[in-house]
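Single-structure report; data block below.
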Amino acid sequence: MARLFLFTELGDRSAARAALAAGPWTLTVRLLRGSFLDCPIGLPPDLAVVEPGPLRSPEAIGTALAAHPVVGRTPWLLIVDPDRIHLASGLPCNDFVLRGFAAGELVARAERALGARGRHNAVVHSGPLTLDLAAHTAKLGDLQLPIKPQEFALLRYLVQFAGRPVTREQLLRAVWGPTYIGGERTVDVHVRRLRAHLGPAAVLLETLREVGYRWTP
C-alpha cells in the first residue's frame, strides 16, 4: 500500500486530512511549520501533499520543499489559494489543487500523482461490483457503469466501509469536503442516481432509517 504524507498548517481544520483519510493508502499527518517538514529520511513517502495556511505565499514553500532531502525526491501536491493560481505554473510541484476543492478531486489528483505506484492493488471487489480506483471506473460483472466522478467517490467510500452504517454527515464530509455548504439531501440525490446505475444490485445499498446508508455485499 502506498504511503502518503500530509503536511498541513491547519491541524484539525484541515480539509485535506478529511479528504485523504478515505483514500487507498496509509496516511500520515504532520504539522507544517513555516517551510519546515518533519519527514523521516528512513521511510520516505510515495507522495506528499502540502497544505499551507490561507494566504501563505506558495513560492517560499515550494523552494524549501524542492530542496528537502526527502520530499525533494518525492512526488508532491501543493494546495494553492485561488487568487494565487497564476503562480502555480512556476512551482516545482507535480500538481496543485485549489483551496476549496471537493474531496473527490483531491483524492483523484493524489492517485494520478502516485502514477504506477498508486495503481498497484488499486482494484477492489465487493460482491458483484469491481472498482478500479486508479481509472475511476466501476463494473457489475463485465458491465461498466456510466457513473460520474462524484458518484464514484460516494460509491467507493460506501464500499470501503462495507457492512458498517455511514451517516449522511460522514458522507458529506468525506466526499464533498468539510467546506461544502449544501445539505444532506445532496447525498440522497446521488444515492438515487447510484441505485439507478446499479440496477438489480441496488439492493446492496441499504437505507438505514434516521441513520444513513450501508453497503452490504
Legend entry - Set V203, V187: member being without any contact (Cβ under 8 Å) to a residue 60 or more places away in the chain and either in contact with a Lys or Arg (Cβ under 7 Å, 6 or more places away or on another chain) or at positive phi (or both): V187
Legend entry - Selection status of V166, surrounded by 18 or more Cβ atoms within 10 Å (Cβ to Cβ) and more than 17 Å from K139 (Cα to Cα): yes
Legend entry - Residue list for the range 1-28, filter: within 19 Å of V80 (Cβ to Cβ) and of a type in the set (F, W, Y): F5, F7
Legend entry - Residue ID - nearest to G141 (Cα to Cα), chosen from residues in the range 189-199 that are surrounded by fewer than 19 Cβ atoms within 10 Å (Cβ to Cβ) and out of contact with any strand residue (DSSP E or B) (no Cβ under 9 Å at 6 or more places or on another chain): A196
Inset, instruction - Among the candidates G182, G141, G199, single out the residue that is of a type outside the set (K, R) and within 24 Å of A21 (Cα to Cα). - result: G182
Legend entry - Inter-residue pairs, beta-carbon under 7 Å, first in the same structural domain as G100 (by TED's automatic domain parsing) and in the range 158-181, second of a type in the set (A, V, I, L, M) and at pLDDT 85 or above, 6+ apart: none
Inset, instruction - Could you figure out which of (1) modelled with pLDDT under 90; (2) out of contact with any Cys (no Cβ under 7 Å at 6 or more places or on another chain) isn't true of F101? - result: (1)
Inset, instruction - Quick one: R109 ticks every box in (1) at pLDDT 85 or above; (2) under 14 Å from F152 (Cβ atoms); (3) surrounded by 16 or more Cβ atoms within 10 Å (Cβ to Cβ) except a single one, so which number is it? - result: (2)
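The values are calculated or read from the model by the stated rules, or taken from the named source; none is laboratory data. Since the structure is predicted, the reported quantities are computational estimates derived from the model, not experimental observations. Note that each Cβ is placed from the backbone with ideal geometry, even for glycine, and that neighbours are counted across all protein chains shown.
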